[in-house]
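Any read-out appearing in this document is the output of simple, stated calculations on the displayed coordinates, not a laboratory observation. Bear in mind that the values here come from a model prediction, so they are computed numbers and not experimental data. So basically every Cβ, Gly included, is an ideal-geometry build from the backbone, and we count neighbours across all protein chains shown.
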């Protein structure tokens, strides 16, 4: 473990949550790998946003060629370790496994990928398998040190490009470090992977890019290309009475503190989570696992309309999370001292509150998981970079290039918020485009 | 229930299932447990002058997660004093008079054979099996397979034993020979009453790549061992069948080699075996497997309307022909069932790389390879099949190019999904031998064309 990872304080709430899918033993991995049918034109590859050659890496585990297996994974996805733990495989590779249609258990692709990458990289990291080419004089800057930027910077560093990550947080890794459910990937592991990328020669500068910080114009002058991987902004608010004040917090904020701040490790009491996406389910599950006395998820539409994954909701319900459908908060209730004591809900129709249907439920904490703002200001730093109507950076699909030819972008700030593996694919594709361009 | 009892050269057995001479028949205590489980007979671990064994002794080949697809051993014959073994044979026969105990024997001089045979028969053995097969250790001392590889020695030693034996003499043959028929005929020439085959195959089971030492490792080295288990069954069946259809082989055969269940046993019996002997499957799963063997074989015989296992014996032999007698006009092609196909497309790669390039995917016409026999593109079926499970991933067969090789069916993980269907062939129903007789063996494109 490097200095970055070991600098994380002890006593953080996330450390109380055990790994839900621990590392397979060699025997378990071998047995599972032997089950793979080695499909032709395999559906799992097609379902993977980074198109890892999954049957090949699995067959290499079966033969005992674990380093080769890791190479097969990492050549498509340099963050294959965190993706193995974070990816919703039920919705992607494993969900498309032909065994599924046959009524059999799909191959545990995520766990096999973790086995291969964790075993092969171990304490040495990516340097166990890769030696970056000598520096070729090219320089790139990345804004943000999340998965998209890491994939971009790491891919280029291997080719001899000097890459610098500009990160405003003390802990790099983006949502991998600050936002992933701890029972999937604790922050220490996310930061360990960042260190592996840094060991390829990538550098971090702790600096904000924008007004009052490093300016876009400086980056454009100093670097051959700039990659924007800033993710999303502040948690959205409901705009209802009583919302401002202690006890009502944004989901992304709450998760970050639970993962990184030892001070945010107290008893949880009764929790209401507002929202129907995967962030909402994550918060609900984390609260339930951390010992909250009650967890209710409040969603303004029906279960079928939820964007959260069915397997995650199922997990939440098994952990005791109550789902309140067709309801929305219309006010947060506080005692005279300002302490949160409850939330007033209204039943909804078509997502809108129905007058006269209000009722109250008690709670000690309300977490709002209803979306995040877009970091629109970053576009203004770079002439030509455009945002779409949602506030997402507009790029060319294939090259990830913005309307400014020196500026590329990927991850949540482009796609509006999807999976880590999508961010990796986007960062990688931008890097591959530049490698091809610069070798012309 | 069909009658499973057999008469092997005068040895009556309640069923055809015998334990082969090996670790499962090392002691009387084991054999009595085996008889309690249902085994009809046991060939005792080979008797002779006691030997010394090494540690370790066994090595195996696994196939995926299936353990012991093939097993190899470097253990020698019984390492227990002869007197102890004989006392136990006496004890077993006293307690289980209707079960078969055959004494496997191995020694050198004629006088040794005389004494050994007398002592084994006095102990109550129902028959004798001469171990001319062991391919490791004993053969270095001029015994085991070093006898079985010399037809003259087989005849000579067998005839010695026949001078002394009062009970039937079975000769156990080694597969480590060029022509099994020659060995079998040599045993018959020595007046053997029956043949057992195959013994194990000379083999190196593997290498410990970390230590660079042959397996099974005995300190810093190892030796070639005897290979057995499911992997050797096809080799054993060929040898059993070769003897069963050899006119000069007039004695019963005890089939051995990878038999693990009643189906394997039925196949050996259909190829001419009177009894079958089992070792590896028992070493893997224990004596208990015989229950299913007895029940399964009975059910099978009942379903086939056979009253006795004797009716099954040799039933498939007439179908075992020379290549030259096969029907050149017979034609089958593969059909894929779109209701059960899971879309793995393993058949696609197998056919494309390993067979005849006639399985395609997708609903457009496909370019045939340049060496194809049929003209034009391969045409997908219309309407294009939409699989119940696999949707648009169900592959299709370019039937004009399909040679009916079976490979797709063999690799398909879904039982019954790919079937081989008889179609009208382009060639007349004739054999190569017919063509040879008519002088039509020259095909275009030969060496001198």
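Using only the C-alpha atoms, the convex hull of region B:143-261 corresponds to 130 Å³ per residue. The C-alpha atoms of region A:323-430 occupy a region whose extents along the principal axes are 55, 32, 25 Å, arranged from largest to smallest.
Report, to one decimal in Å, the Kirkwood hydrodynamic radius for region A:60-159 based on all distinct Cα pairs.
Values: mean 1/r = 0.0665 Å⁻¹.
This gives a value of 15.0 Å.
P(r) for region A:171-234, from all Cα pairs and a bin width of 5 Å, is 4, 14, 19, 22, 19, 13, 6, 2, 0 %, short bins first. On the principal axes of its alpha carbon atoms, region B:1-93 extends 40, 40, 24 Å, with the longest extent given first. Starting from a Cα-only point model with no solvent, please compute log10 I(q)/I(0) by Debye for region A:248-368 at q = 0.12, 0.15, 0.18 1/Å. One equal scatterer on each Cα of region A:248-368 leads to -0.41, -0.64, -0.92. Using Stokes-Einstein with the Kirkwood hydrodynamic radius over Cα pairs, what translational diffusion coefficient do you get for region B:6-319 at 10 °C and a viscosity of 1.306 mPa s, in µm²/s rounded to a whole number? Diffusion coefficient, whole number: 83 µm²/s. For the protein assembly as shown, the pair-distance distribution built from all alpha carbon pairs, in bins 20 Å wide starting at 0, is 12, 30, 27, 21, 9, 1 percent.
Kirkwood-based Rg over Rh for region B:121-210 (C-alpha set), two decimals? Numbers along the way, then the final one.
Numbers: Rg = 14.3 Å, Rh = 13.5 Å.
Reported Rg/Rh (Cα atoms, Kirkwood Rh): 1.06.
Per residue of B:406-413, other chain Cβ atoms within 10 Å of the residue Cβ number 1 on average.
Could you calculate, for region A:150-289, the ratio of the Cα radius of gyration to the Kirkwood radius, expressed as Rg to Rh? Result: Rg/Rh = 1.03. Compared with the dominant principal axis of the Cα atoms in chain B, helix B:28-37 is inclined by about 50°. Computed over region B:321-449, the convex hull of the alpha-carbon atoms projects to a mean area of 9.7 nm².
Based on the Cα coordinates of region B:237-394, what is the per residue volume of their convex hull in Å³? Can you show the working numbers first?
On the way: hull volume 32.8 nm³, N = 158.
Normalising the Cα hull of region B:237-394 by residue number yields 208 Å³.
Treating r as the C-beta distance of residue B:317 and residue A:90 and R0 as 41 Å, the FRET efficiency rounds to 0.15. Our note on the geometry: Cα centres of region A:142-210 and region A:217-238, 14 Å apart. Taken over the alpha carbons of chain A as equal point scatterers, the Debye sum produces base-10 log I(q)/I(0) values at 0.12 Å⁻¹ of -1.05. For region A:1-114, the extents of the C-alpha atoms along the principal axes are 47, 29, 29 Å, listed from largest to smallest. In this label model, residue A:16 and residue A:67 are separated by 4.3 nm, measuring between points 7 Å along each Cα→Cβ vector. With a Förster radius of 51 Å applied to the beta-carbon distance between residue B:440 and residue B:263, the computed FRET efficiency rounds to 0.80.
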